[in-house]
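What follows is a short report on a single structure.
The values are calculated or read from the model by the stated rules, or taken from the named source; none is laboratory data. Everything quoted here is computed from the prediction, not taken from an experiment. Cβ coordinates were reconstructed from backbone atoms using ideal geometry, including for glycine residues, and neighbour counts include every protein chain displayed.
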Ligand code: HEC
C-alpha cells in the first residue's frame, strides 16, 4: 500500500499554483528594467498586485477547505485499507511511514526492483542467453517528463492568452523603460546643443542612431534619408543652415528644436519624444549618411535637392 503524500506538501503546492495562476492573468503595468533585477522586481510587483485582490483570497480559502476535506477523506480510506492488510504488511507499512517524505521521494526516484520482481518483468524471449527486462521508466525521468508537459501547457496558455511573460509586450515595456532612463540621464548630464558631440566615427553609435532614425524619421525622410515629405538628408543642399556653424550641431539643433519655419519637422527634443542622448545618436547617423556615405541623387530614386548648396558642409 502506498504512503499518502502529507498535507504539508500538497496544500502549499496547490496554494503556490493558485497564486501563480492569478499572477499570470493579472495585468500589471510594471517598470520593466531589463536583466535579473528587473525580473525580480517584476515578480514582486505582480505578486503584490495579486495578493491585494479579494478574489484571490476567496479562491485560496475555498481551495484550502477542499484540500482539508480531501485530506480527511484520504485518512479514512487509508485507515480502511490498513485494516485489510496482513500483519506483515501492516508492520512494513508502519516501518515505511517512519521514513520522511523527502527521503522516500529521493529513494523512489531511482528505485530498482528486487530479484523476485525482476523475474516477473522479464520478457519471455531471448537470444544467445540475452534476455530483456520490461523495466518501468525511472521515476525521476517520468517526473521530469510530466513537469515538462505541465510547463509547456502553462507556457502556451500564458503566451497566447495573457500578457504575462509575453515577449513583445515585455520588449516594449523594456524599451519604454530604457527611453525614460536615457531621458533622465540626458537631463541630469545636460546633453544640450552645446554639449552634444558628433560621434559619427563610432560605428556602434551610428548603428544605434540608424535604429532611432527608422523609428522616428523614415516616415518623412525615407529609408537612408533619401527624402520624401522631409528633404533629402544625404545631399549638400540645406534649407536650414544659417543658425549654426557646424553641420553636426545644425542637425542636432533642428531635431531638438524643430525647423524654425516648418512645423512638420517637429521639435523632438523639446517635446521629449527623444532624449538629448538619442538625438546625439540620430544626429551622428544623419551626419554619417551625409558626410561618409555617397550622396543620393534623383538618379538613385532620391528626392530632388531643396534649399541652398552649402559649400562649407560639402562632403570632402
Ligand atoms: C512629419 C515628417 C517628419 C519627420 C517625422 C521628421 N522630419 Fe525632418 N524634416 C521634415 C521636413 C518637412 C523638413 C523640412 C523643414 C523645413 O522646410 O525647414 C525636415 C527637415 C529636417 C532636417 C533639416 C534639413 C534641411 O535641409 O534643413 C533634418 C536634419 C531633419 N529633418 C532630420 C530629421 C530627423 C533626424 C528626424 C527623426 C528624429 C526627422 N527629421 C523627422 C519632416 C520630418
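General remarks:
- If you go through the stretch 208-221 and keep only what is touching a residue at least 40 places away in the same chain (Cβ under 8 Å) and either more than 28 Å from the chain's Cα centre (by Cα) or more than 10 Å from the ligand (Cβ to nearest atom) (or both), you end up with 208, 210, 220.
- Sole exception among (1) surrounded by fewer than 17 Cβ atoms within 10 Å (Cβ to Cβ); (2) under 29 Å from residue 175 (Cβ atoms); (3) touching a helix residue (DSSP H, G or I) at 6+ places or on another chain (Cβ under 9 Å) for residue 268, by number: (1)
- Residue in the stretch 77-97 that is surrounded by fewer than 10 Cβ atoms within 10 Å (Cβ to Cβ), closer than 14 Å to residue 5 by Cα and in the same structural domain as residue 4 (by TED's automatic domain parsing) present: no
- Residue match in the stretch 55-73 (condition: modelled with pLDDT under 90, in a helix (DSSP H, G or I) and within 43 Å of the chain's Cα centre (by Cα)): no
- Qualifying residue in the stretch 136-154 (condition: surrounded by 13 or more Cβ atoms within 10 Å (Cβ to Cβ) and closer than 26 Å to residue 270 by Cβ): no
- For the stretch 210-222, the criterion of a residue being touching a helix residue (DSSP H, G or I) at 6+ places or on another chain (Cβ under 6 Å), under 30 Å from residue 116 (Cβ atoms) and at pLDDT 80 or above is satisfied by no position.
- Qualifying residue in the stretch 218-235 (condition: over 25 Å from residue 298 (Cβ atoms) and exposed (fewer than 15 other Cβ atoms within 10 Å of the Cβ)): no
- Residue check, residue 269 near the ligand (Cβ under 10 Å from one of its atoms) and assigned to a loop (DSSP other than H, G, I, E, B): yes
- In the stretch 251-266, of all residues being assigned to a helix (DSSP H, G or I) and within 10 Å of the ligand (Cβ to nearest atom), the one that is nearest to residue 212 (Cα to Cα) corresponds to 255.
- Remark: pairs (first residue in the stretch 237-250, under 16 Å from residue 198 (Cβ atoms) and within 10 Å of the ligand (Cβ to nearest atom); second residue at pLDDT 90 or above and assigned to a loop (DSSP other than H, G, I, E, B); Cβ separation under 7 Å; 6+ apart in sequence or on different chains) = 250/240; 250/241.
- Within the set 255, 282, 286, the sole residue that is over 14 Å from residue 199 (Cβ atoms), surrounded by 22 or more Cβ atoms within 10 Å (Cβ to Cβ), in contact (Cβ under 8 Å) with a residue 12 or more places away in the chain and in the same structural domain as residue 226 (by TED's automatic domain parsing) turns out to be 255.
- Members of the stretch 223-235 found to be more than 10 Å from the ligand (Cβ to nearest atom) and either touching a strand residue (DSSP E or B) at 6+ places or on another chain (Cβ under 8 Å) or part of a helix (DSSP H, G or I) (or both), listed by number: 223, 224
- Qualifying residue in the stretch 300-311 (condition: more than 9 Å from the ligand (Cβ to nearest atom) and in a helix (DSSP H, G or I)): yes
- Some residue of the stretch 282-290 being more than 9 Å from the ligand (Cβ to nearest atom), more than 30 Å from the chain's Cα centre (by Cα) and within 13 Å of residue 217 (Cβ to Cβ): yes
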